[in-house]
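**Student:** The structure is given below, and queries will be raised subsequently.
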Amino acid sequence: MSELVAAVDLGTNTALLLVARRGPSGVIEPVVERCLTPRLGAGLARQGTLDDAAAARALAALAEFAGTIATAGVDPRRVRAVGTACLRRARDGAQFAARAAQATGLPLEIVSEDEEARLGELALELAGAGPAALVVDVGGGSTEVACRALHLRQSLPIGAVLLTEAWLEPERVDLARWRALCAAAQGAAETLPARAAEGRTAWAIGGTAVNLAAVHAGLPRFDPQAVEGRQVPTEFAAALAETLSALDPAARLAFPIEAERADILPAGLAILTAVLVRLGAPQVRVSGLGLRHGIARELLDRRGS
């Protein structure tokens, strides 16, 4: 049996764990997959530092993951845990990473924007996307856009949690503030190379994309595996963002989306739409693969497992 590896991705909204091995055919096989929503970035946009309650939730998630990794028997040298935009932005991000390592035994590495985009590229290659593909990853605190063929790796300082906290109010629908959020997303997207997606396949990874695909597929309930590789028109993403923005978070649950993402999904969709329009992508292919898969692939490749 191939040796196990473990990848942890601690983001602004979610904490994700993948324990995997390489199967007989060379394909990476998940052994354990976990998704928790500690929302480490809650309040960060307002105060610039991590909220105490959010930090406690994230530490609990990492401790749970550390226990799962140990139970699975993964060699500690075959584990990589990373933190992304939230910890890059927080003034006390490095202190939190040190605290997490001491409390859980998981060395938490705060990765750069470029490294985050690179790991997304590696992940998407597992889905069959070639070097010409363009990858969009809408996160909670930032949005990465990458294309190996164009030598493009760019991070936008906008994410679903960040824009929701900056422009929207919980349980209240405000059209003017929604329009301001969309304008902020469009403004940030204007820094990307115009029409870069022409003649190539645009892929979207991450929670926003998978929830979009679940609604487009008309699933009875959210199921990320059922929409892997699904192609969704950019116009549908724009329309869904508008529809959900006019509903309170509870009403959004009539759609097949994750309950934990209902409050931030409109902002995520607004960001994804703005990026796709700027890149000139009339549609986008969706994958549930992410940074953790890129990490796992690299760990397995490192020793030819």
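**Student:** Report, by chain and number, residues whose modeled amide H sits under 5 Å from the one on LEU108, excluding near sequence neighbours (fewer than 5 apart, same chain).
**Tutor:** Here ALA101 satisfy the definition.
**Student:** Right, here's the next one. Can you figure out the FRET efficiency of ALA239 with GLU64, using R₀ = 35 Å and their beta-carbon distance, to the nearest 0.05?
**Tutor:** Given R0 = 35 Å and the Cβ-Cβ separation, E is 0.40.
**Student:** Hey, what D do you get for region 127-287 in µm²/s if you plug the Kirkwood alpha-carbon radius into Stokes-Einstein at 20 °C and 1.002 mPa s?
**Tutor:** 139 µm²/s
**Student:** What is the antiparallel percent of DSSP beta bridges lying wholly in region 5-112, to the nearest 5?
**Tutor:** Close to 65 percent.
**Student:** May I pose another question? Give me the dipole magnitude in Debye, nearest 20, for the chain about the Cα centre, with unit charges on the beta carbon: positive for Lys and Arg, negative for Asp and Glu.
**Tutor:** 420 debye
**Student:** Which whole-Hz ³J(HN,Hα) couplings does region 181-192 yield from phi under the Karplus relation 6.51 cos²θ - 1.76 cosθ + 1.60, θ = phi - 60°, glycine and proline marked x?
**Tutor:** Calculated HN-Hα couplings, in order: 4, 4, 5, 5, 5, 5, x, 5, 5, 5, 7, 7 Hz.
**Student:** When the helix-only estimate is applied to the chain (DSSP H runs of n ≥ 4, each -39,500 (n - 2.57), divided by the residue count), what is the mean residue ellipticity at 222 nm, nearest 500 deg cm²/dmol?
**Tutor:** Theoretical 222 nm ellipticity from helices: -13000 deg cm²/dmol.
**Student:** Continuing with the same structure: Could you tell me, in Å, what Rg and Dmax come out for the Cα atoms of region 5-112?
**Tutor:** My reading of the Cα-based Rg and Dmax gives 14.1, 49 Å.
**Student:** Spelling out what I want: for every residue of region 206-222, take phi, set θ = phi - 60°, compute 6.51 cos²θ - 1.76 cosθ + 1.60 (Karplus), and round to whole Hz; glycine and proline get x.
**Tutor:** In residue order, the calculated couplings are x, x, 4, 5, 5, 5, 4, 5, 5, 5, 4, 6, x, 5, x, 8, 4 Hz.
**Student:** Next question, about the same structure. Of the peptides 208-216, 55-63, how do they stack up when ordered by the mean number of other Cβ atoms within 10 Å, highest first?
**Tutor:** 208-216, 55-63
**Student:** List the residues, sorted by chain then number, that are 5 or more residues from THR143 or on another chain and whose placed amide H is less than 5 Å from its amide H.
**Tutor:** When sequence neighbours closer than 5 places are left aside, the close amide H contacts are LEU156, ILE158.
**Student:** Could you tell me the calculated FRET efficiency between ALA226 and ARG172, based on Cβ-Cβ distance and R0 = 25 angstrom, to the nearest 0.05?
**Tutor:** Efficiency, rounded to the nearest 0.05: 0.15.
**Student:** Note the listed values (i) 19.8; (ii) 19.3; (iii) 23.2, then indicate which one is Kirkwood radius over Cα pairs in Å calculated from this particular structure.
**Tutor:** Only one listed value fits the structure, namely (ii).
**Student:** OK, next. Relative contact order, percent, of the chain when contacts are C-alpha pairs under 8 Å separated by at least 6 residues?
**Tutor:** Relative contact order of the chain: 20 percent.
**Student:** Taking H placed 1.01 Å from N in the peptide plane, check which residues at least 5 places from TRP203 or on another chain put their amide H under 5 Å from its amide H.
**Tutor:** LEU134, VAL135, VAL136, ARG285
**Student:** If packing is taken as the mean number of other Cβ atoms within 10 Å per residue, what is the order of 169-182, 16-29, highest first?
**Tutor:** Descending packing order for the listed peptides: 16-29, 169-182.
**Student:** Next question, about the same structure. Kindly provide the trypsin sites (Lys or Arg not before Pro) of region 221-305 that DSSP labels as loop, not H, G, I, E or B, and whose Cβ sees at most 10 other Cβ atoms within 10 Å.
**Tutor:** Sites meeting the loop and neighbour criteria: ARG221, ARG303.
Bear in mind these aren't lab numbers, they're just calculated from the coordinates by the rules spelled out. Computed from a predicted model, the values in this text were never measured in an experiment. In this analysis, Cβ positions are derived from the backbone assuming ideal geometry, glycine residues included, and neighbour counts consider all displayed protein chains.
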